[in-house]
Structures are given as structure tokens and as C-alpha cells.
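I have placed the structure first, in the form of C-alpha cells, so that the comments after it can refer back to it.
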């Protein structure tokens, strides 16, 4: 089973080598890595090309213009040769058994969409003690209350992403896609409660600004067609649960 890993990259010279090495180290060997360079102005291109020379499973792709992360991911999906897609952001990392555990789980469960728990690291790559646990299954309505599906932890059928591509706009585009998949396909996403993703916490990211992140979350509700009153109901759940989650992370960062 060939897994296509999509890695959007923009000015990622500080972290992308570490991210790619975590893919090369995977115990599951049937993968291709599509690094889609979104018009970086730093040394990202040369780093990726050097690594691609060492491992022919790495494919370097360059956008002709800056597309943003949503369209860059979608482009990667369209060029993927595998029927299963995993995403890994250029500043995150995987544990080496991540893909092997997920593929074994797919064979046993027959699911079309799986994700994992997460560990966390600071901007310098130092591991934090906190881990995000995930449920064994999450439905559309449960996901509305909190996005427990980290994009870099997913493994999902390619045809689902072709049917529900990530939308452009100032919102959490991956969250909108997960909600659309669960809603329209009438399926649950299956979680593996192991911290197989190591997520880099960056205060400079769009999710690092909690006020901006909340607004982006609200826009997802409106994008998927949720009426105002239900959107307000689920937004309250999001606020409470996110405050708890990031309260623990920021506490670790201050140590």
C-alpha cells in the first residue's frame, strides 16, 4: 500500500530537514514524500533537493506562484500516486513507527480516516511533557465541539480529499475538510491514542494567536453551513476545551 505524504513548505529552512528525516526514519517503507514549495525565499529548495538526491522517494514540487497552504496541500493531493494520503507540516515530526501503526490499524478496522494523538515541542525542538489524548472514534457532532484531529497526524483515503478539498480563506482549512468528510460521508474518524505526531508549538503561527485562531474556528462553522445558534453552541465548547488544552501547553513552555 503506497502512502503519499504531502508536505507544504514555505520558508522552512530551520525545520524542514528534521521533518523530512522523521519520514525517512519510518519503519513503514512504502511511501512517497511530495514536498510542495510555495515560493520560498530562503534555502528550503536546496535542502529538499539535497535530501531528494539521497532518497528517491522524495519528490520536489514548486508552485509557480504563492498559493497558500490550502491550495498547496490540494496540489500535492492531485499529484499523489498513492491512494492513501498523510500530511506532515514542515515544522512537525513523526515518531518512526507512525505509519506502520496506522497501516496495521487500517487493515484491522477497515476505516477510511484515522488520526493519532500528539506530543509537543517548543520552537527549538525541545519536547514538552504534555501529550494530547484522542478518542477511539469521533463523529461529526463530536468534532464540532473540539478539533481533536491534528492535520499532521492523519491518514485518509485520497478520494475523500479529492471530493472535499481544503478551502482557501482565513480559517482552519483542514478542520473544515474533516467536518465535511464526516458529515457528508456519514462516517466516524478513528483515533489511535498514541502520541505519534510531535507538534511544534510556534507563537508566530496563525494558530499561535488565540484570538485569531478563535475567529478562524468560527469561520469554519459558517463555511460548512452551520446556522448561527448551533454555531454559537459549539463555539462555547471549543472555547472551554481549547483554553484547557493550551493552558497546559503554555504552562509547559514556561518551565
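Points to keep in mind about this one:
- Among the criteria (1) within 26 Å of residue 75 (Cα to Cα); (2) at pLDDT below 95, the one residue 129 does not fulfil is (1).
- Index of the failed condition, residue 177 passing every other in (1) touching a residue at least 24 places away in the same chain (Cβ under 8 Å); (2) under 13 Å from residue 113 (Cβ atoms); (3) out of contact with any helix residue (DSSP H, G or I) (no Cβ under 6 Å at 6 or more places or on another chain); (4) surrounded by 15 or more Cβ atoms within 10 Å (Cβ to Cβ): (1)
- Hey, residue 123 surrounded by fewer than 18 Cβ atoms within 10 Å (Cβ to Cβ) and either touching a helix residue (DSSP H, G or I) at 6+ places or on another chain (Cβ under 6 Å) or in a helix (DSSP H, G or I) (or both) or not: no
- The lone exception for residue 166 - which of (1) outside any strand (DSSP E or B); (2) over 22 Å from residue 12 (Cβ atoms); (3) in contact with a helix residue (DSSP H, G or I) (Cβ under 8 Å, 6 or more places away or on another chain) it fails: (2)
The values are calculated or read from the model by the stated rules, or taken from the named source; none is laboratory data. For clarity, every value in this text was computed on a predicted model and none was experimentally measured. Cβ atoms come from the backbone with ideal geometry, glycine included; neighbour counts cover every protein chain shown.
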